[in-house]
Amino acid sequence: MKPCRALLIVPPTGLFYRDDRCQVSLHGVSNAPRAPLDLAYMSAVLEQDGHVCKIRDYPVEDDRWQAVEEDIRTFSPTLLIIYTTITSFKEDLRACTMAREINPDIITIAKGGDTTMRPVERLDWCEQLDIAIVGEPEWTIRDIGRDIDWKDITGICYRKKGRIYENPPRPFIDDLDAIPFPSRHLIDQSKYMRPDTGEIQTTIQTGRGCPAQCIYCLSSMVSGTRLRLRSPENVVDELEHCVRDYGIRDFFFRADTFSWDKEWVIEVCKEIISRKLAIQWVANNRVSQIDEERLIWMKKAGCWLVSFGIESGNQHILDLTNKGITLEQSREALRLAKKHGLKTFLTFMIGMPWETRETVMRTFDFARELDGDYFEIILPFPFPGTKYYEIAKRDGLIVDGVYDTVYDHFRSYVRTYHLSADELTELKKKSFWYLYARPRYVKKIISQCDSPRAFRNYLSFGFSKMKAHFAASR
């Protein structure tokens, strides 16, 4: 096997979450950029086989296309791996054309939720793209690096002599402990910070797969419906590695639903406590899979914030979207989190097909009632492969040209049976004044600032969110 040189990039097409299930512009949202974990996992697998890798996150590093060209010329990669999203892929794949002009023999590879859902379309659109990765990338990129014949590699769609071939899917990885830790030494950790304190924060992938069946989410397509968890020891080994080798003590636990398996959650927390790591972390959870015992152990182990997808203040909307939770479960989850001194981050979604102005306002009122510490009002996006996409496409709810537009949370790209896309955008704008700009909420946030830096960060975010809301209404 001849060692290759792999350049793994986040293209300079704007700040996005590029997780397969979460592909949204970070313009005006209250979360900070996250390190490109999927690229770091692929790098780790390639480095394990002796290949040389370089990771560049151009949007976070505030670099432009000229920097991409310079890296291709100076690093001379044999593999170019591009992290894409459904709405930015056309701009992202400019990198393929650029690379091919510099080195006609370079192998160009795209990875993202969009390549899992529409691999043939991606190859068909960009003639300079050689391979689209379908599904989990680690063992697939290992096979590519080992120069295995592409026809024998599961989990890819590829181009050979002008023809496009689609191979069988690769099974999901059962033993997540077998994947090496991400190559954090290739990432500038200082670029990824907690939005409130400005401290360096990194992401830990604790598990994959989600048994829930929400109609708008890509999780079941990109990571399956079976919950696959790393062992508690393996998770905490990585935490300890980050503390010891990088001095990082703030973490985001990336999982579709961290708290689903109660016994596993408690074992992870006990392992953190037994090693005296003194870390702080946040995690995504479901209000239906949380209880007092879990929250007590999470708090003891350093959890300072829990995130919940509340989505709607209308039980009928929750049922139609197959969310699988109740309003009362949301109330109870918030009550318990507050009781144990955990901050909360809540997401709400307005714009499902059955939404009316009245149901939207009911969701806003429910957000006020729950009184989370931080929250986002999200406009849904019809990701191909989801049930929501099928409904919206069938009933003509999708705005023309939506997949040629960079998606963010400030403008609606879909109408409902009762509201136009513009009306949903206006309601999103109204949410700023109805929820964020309330004197009571502003006072609450200011009272939580325990340092001048935190106050400045909140103030800066507030101005950026207000600016984004005004820009979206033009």
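The values are calculated or read from the model by the stated rules, or taken from the named source; none is laboratory data. Quick caveat: nothing in here was measured; it's all calculated off a predicted structure. Here the Cβ positions follow ideal geometry from the backbone for every residue, glycine too, while neighbour counts run over all protein chains shown.
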_Enumerated strands (runs of 3 or more DSSP E) restricted to the range 38-119, each holding at least 2 residues that are among the hydroxyl-bearing types (Ser, Thr, Tyr) and over 24 Å from residue 148 (Cβ atoms)_ = none
*Taking the stated definitions as given, is residue 363 modelled with pLDDT of 95 or more, among the polar types (S, T, N, Q) and in contact with a Phe, Trp or Tyr (Cβ under 8 Å, 6 or more places away or on another chain)?*
yes
*Just for the range 353-403: of the residues that are assigned to a loop (DSSP other than H, G, I, E, B) and among the aliphatic types (A, V, I, L, M), which one is nearest to residue 221 (Cα to Cα)?*
379
*Could you tell me whether residue 244 is assigned by TED's automatic domain parsing to the domain that holds residue 349, modelled with pLDDT under 95, out of contact with any helix residue (DSSP H, G or I) (no Cβ under 7 Å at 6 or more places or on another chain) and basic (Lys, Arg)?*
no
*Looking at residue 302, is it closer than 19 Å to residue 240 by Cα, in contact with a helix residue (DSSP H, G or I) (Cβ under 8 Å, 6 or more places away or on another chain), surrounded by fewer than 20 Cβ atoms within 10 Å (Cβ to Cβ) and small (Gly, Ala, Ser)?*
yes
*asked:* Of all residues being buried (at least 17 other Cβ atoms within 10 Å of the Cβ), over 14 Å from the mean Cα position of the chain (by Cα) and not aliphatic (A, V, I, L, M) in the range 241-257, which is farthest from residue 312 (Cα to Cα)? Just the residue, please.
replied: 242
*Selection from the range 145-167 of residues that are over 26 Å from the mean Cα position of the chain (by Cα), in a loop (DSSP other than H, G, I, E, B) and surrounded by fewer than 17 Cβ atoms within 10 Å (Cβ to Cβ)*: 146, 147, 148, 149, 161, 162
*Can we say residue 179 is surrounded by 15 or more Cβ atoms within 10 Å (Cβ to Cβ) and either outside the structural domain of residue 232 (by TED's automatic domain parsing) or under 30 Å from residue 324 (Cα atoms) (or both)?*
yes
*Does residue 297 count as under 30 Å from residue 369 (Cα atoms), surrounded by fewer than 22 Cβ atoms within 10 Å (Cβ to Cβ) and in contact (Cβ under 8 Å) with a residue 24 or more places away in the chain?*
yes
*Failed criterion for residue 346 (all others in (1) surrounded by fewer than 21 Cβ atoms within 10 Å (Cβ to Cβ); (2) in contact with a Phe, Trp or Tyr (Cβ under 6 Å, 6 or more places away or on another chain); (3) farther than 26 Å from residue 176 by Cα hold)*: (1)
_Tally up the residues in the range 69-114 that are among the aromatic types (Phe, Trp, Tyr) and touching an Asp or Glu at 6+ places or on another chain (Cβ under 9 Å), please._
2
*With respect to residue 124, is the statement that it is within 21 Å of residue 43 (Cβ to Cβ), among the charged types (D, E, K, R) and either surrounded by fewer than 23 Cβ atoms within 10 Å (Cβ to Cβ) or in the same structural domain as residue 47 (by TED's automatic domain parsing) (or both) true?*
no
